[in-house]
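Structure first, then comments.
Every number in this text was worked out from the coordinates using simple rules, so none of it is lab data. On a predicted model such as this, the values are computed, not experimentally measured, just so you know. So basically every Cβ, Gly included, is an ideal-geometry build from the backbone, and we count neighbours across all protein chains shown.
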Amino acid sequence: MISEVDILAIGVHPDDVELSSCGTVLTHIDQGYTVGLLDLTRGELGTRGNAEIRTQEALDAAEMMGAKFRVNLDMQDGLFRNTEENIRKIIGVLRACRPKIVLANAVEDRHPDHGRAAKLVVDACFYSGLMKLETRGEDGELQERWRPQAVYHYIQDKNLKPDFVVDITGYLEKKMAIIQCYRSQFNDHESNEYAKEAKTPISGKDFMDFLSAKARGFGREAGFELAEGFNVARYPGVKDLFVLK
Ligand SMILES: [Zn+2]
């Protein structure tokens, strides 16, 4: 059930938010902000698992994160495009939950879906603010226009240079535990079957080391122990220089 939230974290695949910006979601929930989760596809083209398994995994992860809701727009994994239908689907959710901040996929990444989804979300956030673009909610009523004040793109696989980082010190262990909800995506390294299971870029033991090394790298330059990196299309600005760490 969609409710109003401060932050809407959007991923084209269930697990994108967890892998890249879960620490940020956790720290903001602890600071009293509300967060909703929106998946565009069920990740049905992924090498491992299937749509049904991944849906359950995503719901388990959302509960562990403390999200207010998690919805899925059932776009076609890999084959979704920037169409009117897809833009309207996202606008319907934006207008229903009225987030001030949207977290979206990386502008460019190893997986081509990520960059395409980033553009689709940015477009939907813009058009959602236009009064004459009408959409109806689940109750059939006309929805009020809504434009989030910012879209921040979380950095996932590629080593993009962040425009800012968010301190996630103290949250890495919980982030890793939440990622483990996606049991179908990771090999059980202790199992005898490990050698026979399908391998993907994220299924190996080295992947968790990569995630923590990345958080250390993003943190180091800002003086935090651990951080997650983001890009933003416009200049990030502050009124008070002391807000910057
Ligand atoms: Zn992905």
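Can you give the helix-only mean residue ellipticity at 222 nm for the chain, where every DSSP H stretch with n ≥ 4 adds -39500 (n - 2.57) and the sum goes over all residues, rounded to the nearest 500 deg cm²/dmol?
Values: 6 runs with 84 residues, N = 245.
Computed mean residue ellipticity for the chain: -11000 deg cm²/dmol.
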Above-threshold pairs, the threshold being 21 Å between Cα atoms, out of K68/K89; K119/K214; K89/K132; K161/K214: K119/K214
Would you work out if region 5-106 is rounded, prolate or oblate? Take a ≥ b ≥ c from the square roots of the eigenvalues of the alpha-carbon gyration tensor; rounded if a/c is under 1.5, else prolate when a/b is larger than b/c, oblate otherwise. oblate
For the chain, with equal point scatterers placed on the C-alpha atoms only and solvent neglected, what are the log10 I(q)/I(0) values from the Debye formula at q = 0.07, 0.09, 0.16 1/Å, to two decimals? -0.22, -0.37, -1.20
Cα centroid separation, region 223-245 to region 46-124 (Å): 25
Could you identify which residue out of A106, A233, A215 has the top mean-square fluctuation in a GNM of the chain using Cα springs shorter than 10 Å? A233
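If I take every Cα pair under 8 Å that is 6 or more residues apart in region 94-196, average their sequence separation and divide by the length, what percent do I get for the relative contact order?
Answer for region 94-196 is 30 percent.
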Which order do peptides 216-222, 179-185 fall in by mean Cβ count within 10 Å, highest first? 179-185, 216-222
Among all the aspartates and glutamates, which ones have a C-alpha under 15 Å from K205's C-alpha, if same-chain residues fewer than 8 places away are not counted? D188, E190, E193, E197
